[in-house]
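A short write-up of the structure that comes next.
Read-outs: derived from the displayed coordinates by stated rules, not from any lab. Owing to the predicted nature of the structure, the values given are computational and were not obtained by experimental measurement. For neighbour counting, all protein chains shown are included, and Cβ atoms are generated from backbone atoms with ideal geometry for every residue, glycine included.
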Amino acid sequence: MQSLWNGTFFDYLSRHWPDQRYWNLKRDELTIHFPWNNSRILFDGCDDEARVRKLYGNEYVTIWFNECSEFPWEVVEQLNSRLVQRVVDDSGNECICKAVFDTNPKGPNHWVYKVGVLGVHPVTGELIRNRGKWARYGGWTITDNAGNLAADALEVYEDQDEVTKRRMLYGEWCSEEGSVYSEYDLSVHCVSTSTYLDGGGRFRGVKCYRAVDFGYRDPFVCLFAGVDEDGVLVVFDEIYRRERIVSEHAAEIKERAKVNPVWWTVADHDAEDAATLRHEGIMTRPAWKDRPMRDGIARVKRRLKEGRLKFVVPDKNKKWGCPGLLAEIESYVWDKEGDKPVGRDDHAMDALRYLVAELDRRVGSRIVVGM
């Protein structure tokens, strides 16, 4: 966003609107105001909940999603619902409300490919009613933007890894090379909030559980899940936050337990953090860590393949769902040797593995009800 604000946009203004009497710059608000018709262009991001809520409070005639593959579908869907501002020019012509997207290719499970190319809803898989409006201009390759790139840009991408080259040079929507959970399919494994949660967020199922992976600079992850009557494990909510102490997480966990009490909580083997949760009244048991890790991954893969693992996509109010987990599962890949996953953006993946291992290993074991 900063590069657009400091570079691209000001270059455009200087070339097309050199007379600054026609526009006012508000740097602290990242806003351009055009007093002659009282219109505004504002720059903002969706990297935290407060900023998203602020964006939801406005009405727009045009929205540009820069590198839209980084936006969650539920945010895009909600912002599109704010494209309702009525604007009429001096000649009486009404402006057409529209959303503009730019992106680089990602994996074939990404919502951009499902909506923009296949014309289907990324969660339900059903044809979207307004798919004809998702017009596409240009392709997905670097050559579409050649006029704005250095002369040796093609050579630079020729030297990239195979997946980057396939995406950027050839415009392929291909998965990360060596995806750990290649069985994952957004249209199969992701469900809407209303499928498993009532209006108050209570899980419609048999039992609820939690899994915790501790972190501070890395994210602290707590997954909230339940099993339905058919034995399907459903991850329906999460805490996914950095730079917050465990006692603060504990307060939020206990608040959510008022709606969905759990039968047990498994946690990573950090004795001090586990003791903090215990001091706050949240009892945990050490997570079972399969050795080798491939055994634990195999449990998750088996559930995905059999359709016994589902993930709730956040609703438009973002009250529930697991966006952090869904972001990680798409980029969870094997290392170059293929021995273990790359240790990057994997904290929800660890918690998911703990959750599945506890369920699959301890069927019929003694269960202790806790906060």
> For region 147-191, what's the radius of gyration and Dmax over Cα atoms, in angstrom?
Replying inline: 14.7, 45
>> For the pair D102/A146, report the inter-label distance in nm, with labels modelled 7 Å from Cα in the Cβ direction.
In response: 1.8 nm
> Near K207, which aspartates and glutamates are there with a Cα under 13 Å away, not counting those fewer than 8 places off in the same chain?
Replying inline: D228, E229, D230
>> Amide H of V333 versus every other amide H placed in the peptide plane: which residues, excluding those fewer than 5 positions away on the same chain, fall under 5 Å?
In response: V180, V342
> Among R256, R302, which comes first, then next, by fewest other beta-carbon atoms within 10 Å?
Replying inline: R302, R256
>> Report the per residue volume, in Å³, of the convex hull enclosing the C-alpha atoms of the chain.
In response: 169 Å³
>> At 0.692 mPa s and 37 °C, plugging the Kirkwood radius over alpha-carbon pairs of region 1-143 into Stokes-Einstein gives what diffusion coefficient in µm²/s?
In response: 191 µm²/s
> Can you give the calculated 222 nm mean residue ellipticity of the chain, where each DSSP H run of n ≥ 4 adds -39,500 (n - 2.57) and the sum is split over every residue, rounded to the nearest 500 deg cm²/dmol?
Replying inline: -8000 deg cm²/dmol
>> Along the Cα→Cβ direction, 7 angstrom out, place labels at A135 and L13. What is the inter-label distance in nm?
In response: 2.9 nm
> So what is the relative contact order of region 1-122, in percent, for Cα pairs below 8 Å that sit 6 or more residues apart?
Replying inline: 18 percent
> Residue by residue through region 24-34, which ³J(HN,Hα) values in whole Hz follow from phi under the Karplus form 6.51 cos²θ - 1.76 cosθ + 1.60 (θ = phi - 60°), with glycine and proline marked x?
Replying inline: 10, 9, 10, 5, 5, 9, 6, 9, 10, 10, 10
> If the cut-off is a Cα-Cα distance under 14 Å, which aspartates and glutamates reach K26, setting aside same-chain residues fewer than 8 apart in sequence?
Replying inline: D44
>> Could you tell me the calculated FRET efficiency between L169 and S69, based on Cβ-Cβ distance and R0 = 22 angstrom, to the nearest 0.05?
In response: 0.80
> Under 20 Å Cα-Cα from K114, which lysines qualify once same-chain neighbours fewer than 8 residues away are excluded?
Replying inline: K98, K106, K133, K310, K316
> Using Cα pairs under 8 angstrom and six or more residues apart, how large is the relative contact order of the chain, in percent?
Replying inline: 14 percent
> Between R241 and residues 5 or more places away or on another chain, which pairs have amide H atoms under 5 Å apart, with H built 1.01 Å from N, and which residues are they?
Replying inline: F220
> When N counts the residues of region 186-361, how does its alpha-carbon radius of gyration compare numerically with 2.2 N^0.38 Å, as a ratio?
Replying inline: 0.97
